[in-house]
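The values are calculated or read from the model by the stated rules, or taken from the named source; none is laboratory data. Note that the coordinates shown come from a computational prediction; the quantities given were computed from them, not determined experimentally. When we count neighbours, we look across all protein chains shown, and the Cβ atoms used for this are built from the backbone with ideal geometry, even at glycine. Heavy atoms of the whole protein, side chains included, go into the accessibility calculation; ligands, DNA and RNA do not. Shrake-Rupley method; radii C 1.70, N 1.55, O 1.52, S 1.80 Å.
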Amino acid sequence: MIKRLTKTRTKYKLLCFPIYMEWLRLLLLLLLLTSLAITNHVSCSCSWDLEAGPSLELSQLSRELLDSARQPEFFDWLKRVRRRIHENPELAFEEHETSQLIRSELDSLGIQYTWPVAETGLVASIGSGAQPWFALRADMDALPIQELVEWEHKSRNLGKMHACGHDAHVTMLLGAAKLLQSKSKEIKGTIKLVFQPGEEEHAGAYHMIKEGALDKIQGIFGLHIQPLMPVGTIGSRPGPFLAASGRFSVTIHGKGGHAAFPHLATDPILAACSAVLALQQLISRETDPLDARVVTVGMIEGGQAANVIPETVRLRGTFRSMTSEGLNYLQQRIQEVIEMQASVHRCTATVDFMLEKMRPYPATVNDEAMYKHAKNVGETLLGEPNVKLLPMSMGAEDFSFYTEKMAAAFFMIGTKNETLDPKRLWHSPYLVIDEEVLPIGAALHAAVAISYLDNIDAAVTH
């Protein structure tokens, strides 16, 4: 009897075992699916903040900000500020009166700031003062160009002009300051307004970072005027956008003499001409045709008489690449080629890359998530067709120093008006911009910053 019961139980266990295993398999599968669902929910909650499409709240915020900036009283104030800055252009690290104007406007708005930073720069702060911190940036300096546009607010400083739109950049950021201050109690964190000196050739952004002005900032957004894009449009691209750039200054030393007796002289002009031609082969024969690099000699100076071989010739130029590695390679080869070409012609050469005075700029590389966030805000504010995907450009910007330190997005904003002169690019003495861009830029700045902090807060809450 006992043996029979034992056999029966054994048989029962054997029959039930597959059923147990099937239940166990289903239980494990259910646990796995639940785990994946939770992980996916957390991932979506964390990534939504910068990459999600336009929401109803963002649409309402953007419209409210733009409507406020376009109010006649607000718009008139923007135009007055921009014209005062335009009339009084100041070169890199000389922006004393521009800085004073900015501080006066911030004082009138009740906005606190830190000054001086990098000599003439300043950083204002709006919000709770607590983390997270997000930054908006504008450059302040002008160019050594004589303005040739005849209008009531033409530059009053001889040989100086805001020919790159930095007067508009400052004005748009001050406009954003006014909009943000009106919503300061609603800001979920802190927005830093970076008014930066010395963008033109002098790496002002590098010095702002070096002095700690951007410590603890998680992200930054910047705008630059684009005279070939219509007002009401913006554009950029994710990843590499603008080139890394360096400069060089060369002096070739020879032996002067009479043009009738060149064999008794050592001609630095011939050496310089050979060097300029040889430099072009760095692009045509040493660079992958699919890589973007440029070497340009923009100045040659030597000799004062047609029948005299001079002692020296001076060259100046720029070199550019979309990568830091490419820029470093060009720098090395430029020195080697110039020194060798001078030697071939029995001359000597000194090559100065001005690493401190005119520090090379890295490539401007937009953070993909930050780019998508700014793009979403722009599409909400201006409409999807008015946010353009722009090609990479060999132009350079010291905003690139910020892109190396934190998540950053740099966008172009259109200033073209067909009724004005639309054919003038940056650095032209005839540059004219449509001031209708000012409220758009102010609202875009403010909307990008507020919504960034809102989304970070929402991601943390969830």
Give the cross-link partners of residue 185 among the aspartates and glutamates, using a straight C-alpha distance below 14 Å as the criterion and excluding same-chain residues fewer than 8 apart. 454
Please compute the modelled spin-label separation between residue 210 and residue 260, points set 7 Å along Cα→Cβ, answer in nm with one decimal. 5.4 nm
Could you give the accessible area per residue of the chain, probe 1.4 Å, as a whole number in Å²? 49 Å²
Heavy-atom accessible area with a 1.4 angstrom probe orders 437, 344, most exposed first, as 344, 437
Tilt relative to the chain, helix 166-181 - C-alpha long axis, 0 to 90 degrees, to 10: 30 degrees
Gyration tensor (alpha-carbon) shape descriptor, the stretch 244-352, a/c threshold 1.5: prolate
A chain fully extended from residue 299 to residue 64 at 0.36 nm per residue, minus the present Cα-Cα distance, gains in nm 79.6 nm
Contour minus Cα-Cα span, residue 352 to residue 306, at 0.36 nm per residue, comes to 13.7 nm
Between the stretch 117-162 and the stretch 279-347, what's the alpha-carbon centroid distance in Å? 33 Å
Taking 0.36 nm per residue of sequence separation and subtracting the Cα-Cα distance, how much length would be gained by fully extending the chain between residue 328 and residue 80, in nm to one decimal? 84.9 nm
Dipole check, the chain, charges on Cβ (K,R +1; D,E -1), about Cα centroid: among 273, 292, 157 the Cα furthest to the positive pole belongs to 292
Compute the helix-to-body angle for 268-284: its Cα long axis versus the longest principal axis of the chain, expressed 0 to 90° and rounded to tens. 20 degrees
Do any GluC sites (Glu not before Pro) in the stretch 256-318 lie in a loop, going by DSSP, with at most 15 other beta-carbon atoms within 10 Å of their beta carbon, and if so which? 286
Modelled FRET efficiency - R0 45 Å, residue 340 with residue 125, Cβ distances, 0.05 increments: 0.25
Listed pairs 160/416; 160/255; 375/405 exceeding 28 Å between Cα atoms: 160/255
Tell me the carbon and sulfur percent of the accessible area for the chain, rounded to whole percent, probe radius 1.4 Å. 57 percent
Each label sits 7 Å from Cα toward the beta-carbon; between residue 158 and residue 100 the label points are separated, in nm, by 2.1 nm
Mean residue ellipticity at 222 nm from the helices of the chain, using -39,500 (n - 2.57) per DSSP H segment of n ≥ 4 over the full residue count, to the nearest 500 deg cm²/dmol? -15000 deg cm²/dmol
Accessible surface of residue 343 - all protein chains present, 1.4 Å probe, nearest 10 Å²: 70 Å²
Please go through the stretch 91-155 and write out the GluC sites (Glu not before Pro) that DSSP classes as loop and that have at most 11 other C-beta atoms within 10 Å. 150, 152
Highest-first arrangement of 356-364, 289-297, where packing means the average Cβ count within 10 Å: 356-364, 289-297
Between the Cα axis of helix 72-87 and the main Cα principal axis of the chain, the angle (0 to 90°, nearest 10) is 40 degrees
Quote the Stokes-Einstein diffusion coefficient, in whole µm² s⁻¹, for the chain, based on the Kirkwood radius over alpha carbon pairs, a temperature of 37 °C and a viscosity of 0.692 mPa s. 130 µm²/s
